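> If you scroll down you'll find the structure; I have some questions about it.
The values are calculated or read from the model by the stated rules, or taken from the named source; none is laboratory data. Because the structure is predicted, anything quoted here is derived from the model rather than measured. Here the Cβ positions follow ideal geometry from the backbone for every residue, glycine too, while neighbour counts run over all protein chains shown.
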Amino acid sequence: MTNAQKTGKPKLAFRPLPVPQVDVRGFWGDRVDAVAARTAEILYERCVEARMLEQIDPDRPSPGVVIPFHSPSPDEAANPGFTGSTVTTQMFWDSDWGKTIETAAYSLYRRRNDALEKKIDAVIDLYGRLQQSDGYLSSWYQRIQPGLRWTNLRDCHELYCAGHLIEGAVAYFQATGKRKLLDIMCRYVDHIADTFGPGPGKKKGYCGHEEIELALVKLSRATGEQKYMDLAKYFIDQRGQQPHYFDEEARARGADPKAYHFKTYEYNQSHKPVREQDKVVGHAVRAMYLFSGMADVATEYGDDTLRAALDRLWGDLTTKSLYVTGGLGPSAHNEGFTSDYDLPNETAYAETCAAVGLVFWSSRMLGMGPNARYADMMERALYNGSISGLSLDGSLFFYENPLESRGRHNRWKWHRCPCCPPNIGRMVASIGSYFYGLADDALAVHLYGDSTARFEISGKPVSLVQTSNYPWDGAVSIRVEPQAPVAFTLHLRVPAWCRKAALKVNGKAVALDAVLSDGYAAIQREWRKGDHVELDLDMSISRLFANPEVRQDVGRVALSRGPLIYCVEATDNPGQLHRISLPRTAEIEAHHEPNLLGGIVTLSATGRREASEDWRNGLYRAEPPASEEARLKAVPYYAWDNRDPGEMLVWLREG
């Protein structure tokens, strides 16, 4: 046991800046504006349309069970954009409200919207009136299944829903200054702390769907209440201990523990205590949320035993089970992981929430210190596997994010399990909090792009202004504006994808090799008003190849430029995409196209296309098909399916 564990005092910790302390512009500013202008309102309206408001309103009759589990209706099957009361999973509705409130909160900070704020205030009022005298708050167990609270943590998402409401409460307080929901959730968490824990008479349980762990850390940081942090640590420490809580809980309600639908507790990562886990298994979103909570607790308590487990799990995920886009979880069956190197492209599940969860986990690993292995992955998942789940105008969504489509995978208005729309909405709206990490005597810059950060070091206010056209251009200019001279270390990430980088401080070149550690350049000095830093990152184009164990990608190549993964779409490349090949000798060019897809850089090359005109009849013959020269055009993966529907392909055959 380390001294940090014994004393409970953390090592040097880097914590994210709250959203109101970071203003984003440029690439991410456009996306935040889309969420503030459209997505936040859409989330609220579609929650109402799905009858979620009825469930939390104590003055209305209970809506009863509104088909919480079902097969798609004929309307849904015929129209993927169908929305209505039958397209949502009712048990999770409090979580949907929590994420919707969080999205609205950060959107209101970005863009004043009195009508939306009034609607969210009304939702918060309903939760205040619904809350019971002992602090308990769950619309499902109060309105739909009263009398059964805390009887099925394995399946029924009670603590998961509490976690999302907690995150919504913290966000609404930080963005608007209103603390009504924060007070409501503090009373609820006080009740949860009285119910769960190591003390006599308390339940020894934890949630089947992780989420409350990371939410409690946020709540503790916002309120200064240590008992909330300790409760997060308890849930982490207790998970997977024997006797297994889910077995005991099932017997207590008269159920056979072996009748568990998913057969194994690997599904919810409770098959082993967390410090003994070394394999990423089960439901992908649950895994990412658990690892995020573990990373937060490791940071706050300086717990090296958790860090060791996290590093093992990180290595397993990133070397055996991760898509090149930062997507994860190939299987629809368990919404998660299958076997090593099983990464099908066309049937990839790669849930939007899972990529968002990987962003959460990566960012929290950075709490233990700047390390580009985590920040590079956060960037990969941010720019590719996550924001592909939201259309450029902020109105349509993906649940699954395949890497290949025959043209039938298109964005939809809503989903019967609508977890992804508010999840990607809240992540984009809060993107500023992922840019920077602040320690007592240091600031780490994890992400690049036009932004302004405001923070204090040694009690002195500092502004840091980034100017950049990132991710289209690798030139980053940083101006440091302290109110008075102050000494601290500025850590700047040098991404692994960058082949050549140059650094200057106040116009003087700095030898990167001398200041680089774990992929970050550390500049330690007394900063004065007007100091400026220039970082130039080479935005070279790369051909990416998969491990030969990934059978679906053998003989194929993917294209990237900077942090972006590219794909080809039928709208730019007429004809069937599977007939296209890219010769290894082909020269690939980058082109700025300001009027395409909101302004992007495209890639182009001369490839080959197999012809079918001379094939005539029959499936097979002794001669290969003829091929012809074909000009290829690729666009960033995040932007696909924002124009005419059609085929899409990430991994091209290499000719």
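> Looking at (1) in contact with a Leu (Cβ under 6 Å, 6 or more places away or on another chain); (2) in a strand (DSSP E or B), which one does residue 608 not meet, given that it meets all the others?
Here residue 608 clears every test but (1).
> Specify which of the listed residues (172, 160) is closer than 28 Å to residue 261 by Cβ and among the aromatic types (Phe, Trp, Tyr).
Details: 172 fails: closer than 28 Å to residue 261 by Cβ.
On inspection, the qualifying residue turns out to be 160.
> Quick check on the stretch 172-183. Is at least one of its residues surrounded by fewer than 24 Cβ atoms within 10 Å (Cβ to Cβ), hydroxyl-bearing (Ser, Thr, Tyr) and under 26 Å from residue 20 (Cα atoms)?
Checking the stretch 172-183: at least one residue is surrounded by fewer than 24 Cβ atoms within 10 Å (Cβ to Cβ), hydroxyl-bearing (Ser, Thr, Tyr) and under 26 Å from residue 20 (Cα atoms).
> Okay, moving on. Can you find a residue that is at pLDDT 95 or above, of a type in the set (A, V, I, L, M) and not in a strand (DSSP E or B) anywhere in the stretch 316-325? Before the answer, list the steps.
Pass one, the stretch 316-325, residues at pLDDT 95 or above: 316-325.
Those left that are additionally of a type in the set (A, V, I, L, M): 317, 322, 324.
Restricting the remaining residues to those that are not in a strand (DSSP E or B) gives 317, 324.
So far as the stretch 316-325 goes, yes, one or more of its residues are at pLDDT 95 or above, of a type in the set (A, V, I, L, M) and not in a strand (DSSP E or B).
> Residue check, residue 382 against (1) of a type in the set (A, V, I, L, M, F, W, C); (2) over 17 Å from the mean Cα position of the chain (by Cα); (3) under 18 Å from residue 567 (Cβ atoms), all met but one. Which one?
Tallying (1) of a type in the set (A, V, I, L, M, F, W, C); (2) over 17 Å from the mean Cα position of the chain (by Cα); (3) under 18 Å from residue 567 (Cβ atoms), residue 382 fails exactly one: (2).
> Follow-up question, since we're still on this one. Out of curiosity, is residue 564 surrounded by 18 or more Cβ atoms within 10 Å (Cβ to Cβ), of a type in the set (A, V, I, L, M, F, W, C) and in contact with a Cys (Cβ under 9 Å, 6 or more places away or on another chain)? Walk me through how you get there before you give the answer.
On the way: surrounded by 18 or more Cβ atoms within 10 Å (Cβ to Cβ): yes; of a type in the set (A, V, I, L, M, F, W, C): yes; in contact with a Cys (Cβ under 9 Å, 6 or more places away or on another chain): no.
So residue 564 does not fit the description; no.
> Looking for something touching an Asp or Glu at 6+ places or on another chain (Cβ under 6 Å), surrounded by 17 or more Cβ atoms within 10 Å (Cβ to Cβ), modelled with pLDDT of 95 or more and part of a helix (DSSP H, G or I) - is there at least one such residue anywhere in the stretch 12-27?
The answer is yes, given that some residue of the stretch 12-27 is touching an Asp or Glu at 6+ places or on another chain (Cβ under 6 Å), surrounded by 17 or more Cβ atoms within 10 Å (Cβ to Cβ), modelled with pLDDT of 95 or more and part of a helix (DSSP H, G or I).
> Return the residues of the stretch 612-655 that are closer than 16 Å to residue 565 by Cβ and either among the hydroxyl-bearing types (Ser, Thr, Tyr) or not in a loop (DSSP other than H, G, I, E, B) (or both); say none if nothing qualifies.
632, 633, 634, 635, 636, 637, 638, 639, 648, 649, 652, listed by residue number.
> Something else: What's the number of the only condition in (1) modelled with pLDDT under 95; (2) surrounded by 24 or more Cβ atoms within 10 Å (Cβ to Cβ) that residue 109 fails to meet?
Just one mismatch for residue 109, condition (2).
> Assess whether residue 411 counts as being touching a strand residue (DSSP E or B) at 6+ places or on another chain (Cβ under 7 Å), surrounded by fewer than 22 Cβ atoms within 10 Å (Cβ to Cβ), basic (Lys, Arg) and not assigned by TED's automatic domain parsing to the domain that holds residue 382.
Considered against the rule, which asks whether it is touching a strand residue (DSSP E or B) at 6+ places or on another chain (Cβ under 7 Å), surrounded by fewer than 22 Cβ atoms within 10 Å (Cβ to Cβ), basic (Lys, Arg) and not assigned by TED's automatic domain parsing to the domain that holds residue 382, residue 411 comes out as no.
> For the stretch 118-139, enumerate the residues that are farther than 22 Å from residue 103 by Cα and either among the charged types (D, E, K, R) or crowded, with 22+ Cβ neighbours inside 10 Å (or both).
Scanning the stretch 118-139 gives 129, 134.
> Please enumerate the residues belonging to the stretch 386-426 that are among the hydroxyl-bearing types (Ser, Thr, Tyr) and assigned to a loop (DSSP other than H, G, I, E, B).
Here is the first cut: in the stretch 386-426, the residues among the hydroxyl-bearing types (Ser, Thr, Tyr) are 386, 388, 391, 395, 399, 405.
Within the stretch 386-426, 391, 395, 399 qualify.
> Answer with yes or no whether residue 575 is assigned to a loop (DSSP other than H, G, I, E, B) and modelled with pLDDT under 95. It would help to see each step written out before you state the result.
On the way: assigned to a loop (DSSP other than H, G, I, E, B): yes; modelled with pLDDT under 95: yes.
It is true that residue 575 is assigned to a loop (DSSP other than H, G, I, E, B) and modelled with pLDDT under 95.
> I'd like to know if the stretch 511-518 contains one or more residues that are touching a strand residue (DSSP E or B) at 6+ places or on another chain (Cβ under 6 Å), over 27 Å from residue 652 (Cα atoms) and not basic (Lys, Arg). Steps first, answer last, please.
Residues of the stretch 511-518 touching a strand residue (DSSP E or B) at 6+ places or on another chain (Cβ under 6 Å): 512, 515.
Now restrict to residues that are over 27 Å from residue 652 (Cα atoms): 512, 515.
Those left that are additionally not basic (Lys, Arg): 512, 515.
Scanning the stretch 511-518 turns up at least one residue that is touching a strand residue (DSSP E or B) at 6+ places or on another chain (Cβ under 6 Å), over 27 Å from residue 652 (Cα atoms) and not basic (Lys, Arg).
> To continue, here is another question. Residues to consider are 484, 521; find the one that is surrounded by fewer than 19 Cβ atoms within 10 Å (Cβ to Cβ) and either of a type in the set (Gly, Ala, Ser) or assigned by TED's automatic domain parsing to the domain that holds residue 366 (or both).
On the way: 521 fails: surrounded by fewer than 19 Cβ atoms within 10 Å (Cβ to Cβ).
So the residue among 484, 521 that is surrounded by fewer than 19 Cβ atoms within 10 Å (Cβ to Cβ) and either of a type in the set (Gly, Ala, Ser) or assigned by TED's automatic domain parsing to the domain that holds residue 366 (or both) is 484.
> Here are some residues: 352, 338, 319, 347. Which one is of a type in the set (S, T, N, Q) and surrounded by 21 or more Cβ atoms within 10 Å (Cβ to Cβ)?
Values: 338 fails: surrounded by 21 or more Cβ atoms within 10 Å (Cβ to Cβ); 319 fails: surrounded by 21 or more Cβ atoms within 10 Å (Cβ to Cβ); 347 fails: surrounded by 21 or more Cβ atoms within 10 Å (Cβ to Cβ).
Going through 352, 338, 319, 347 in turn, just one is of a type in the set (S, T, N, Q) and surrounded by 21 or more Cβ atoms within 10 Å (Cβ to Cβ): 352.
> So in the stretch 343-379, with the set limited to residues that are aromatic (Phe, Trp, Tyr) and more than 21 Å from residue 641 (Cα to Cα), which one is nearest to the chain's Cα centre (by Cα)? Full working, then the answer.
Restricting attention to the stretch 343-379, the residues satisfying the condition of being aromatic (Phe, Trp, Tyr) are 349, 360-361, 374.
Still in the running and more than 21 Å from residue 641 (Cα to Cα): 360-361, 374.
Numbers: 360: 5, 361: 8, 374: 13 Å.
Here the answer is 360.
> For residue 529, work out the one condition from (1) under 18 Å from residue 326 (Cα atoms); (2) surrounded by fewer than 20 Cβ atoms within 10 Å (Cβ to Cβ) it doesn't fulfil.
(1)
> What pairs come up if the first residue lies in the stretch 381-401 and is on the phi > 0 side of the Ramachandran plot, the second is of a type in the set (A, V, I, L, M, F, W, C) and assigned to a helix (DSSP H, G or I), and their beta carbons are under 6 Å apart, counting only those six or more places apart or on different chains?
That search, which allows pairs on different chains as well, returns 394/34; 394/35.
> Right, another one. Which condition from (1) touching a helix residue (DSSP H, G or I) at 6+ places or on another chain (Cβ under 8 Å); (2) at pLDDT below 95 is the one that residue 99 breaks?
(2)
> Of 581, 627, 604, which residue is surrounded by 20 or more Cβ atoms within 10 Å (Cβ to Cβ) and among the polar types (S, T, N, Q)? Give the derivation first.
On the way: 627 fails: surrounded by 20 or more Cβ atoms within 10 Å (Cβ to Cβ); 604 fails: surrounded by 20 or more Cβ atoms within 10 Å (Cβ to Cβ).
Matching residue, one of 581, 627, 604: 581.
> Can you list residue pairs whose Cβ atoms sit under 7 Å apart, with the first residue in the stretch 24-36 being within 12 Å of residue 432 (Cα to Cα) and the second being among the β-branched types (Val, Ile, Thr) and part of a loop (DSSP other than H, G, I, E, B)? Count only pairs 6 or more apart in sequence or on different chains.
What qualifies is 24/431; 28/431; 32/431.
> Where in the stretch 439-495 are there strands (runs of 3 or more DSSP E), lying fully within it, with 3 or more residues that are over 27 Å from the mean Cα position of the chain (by Cα)?
Working: elements: 442-445, 451-457, 460-468, 475-482, 486-493.
Qualifying strands (runs of 3 or more DSSP E): 460-468, 475-482, 486-493.
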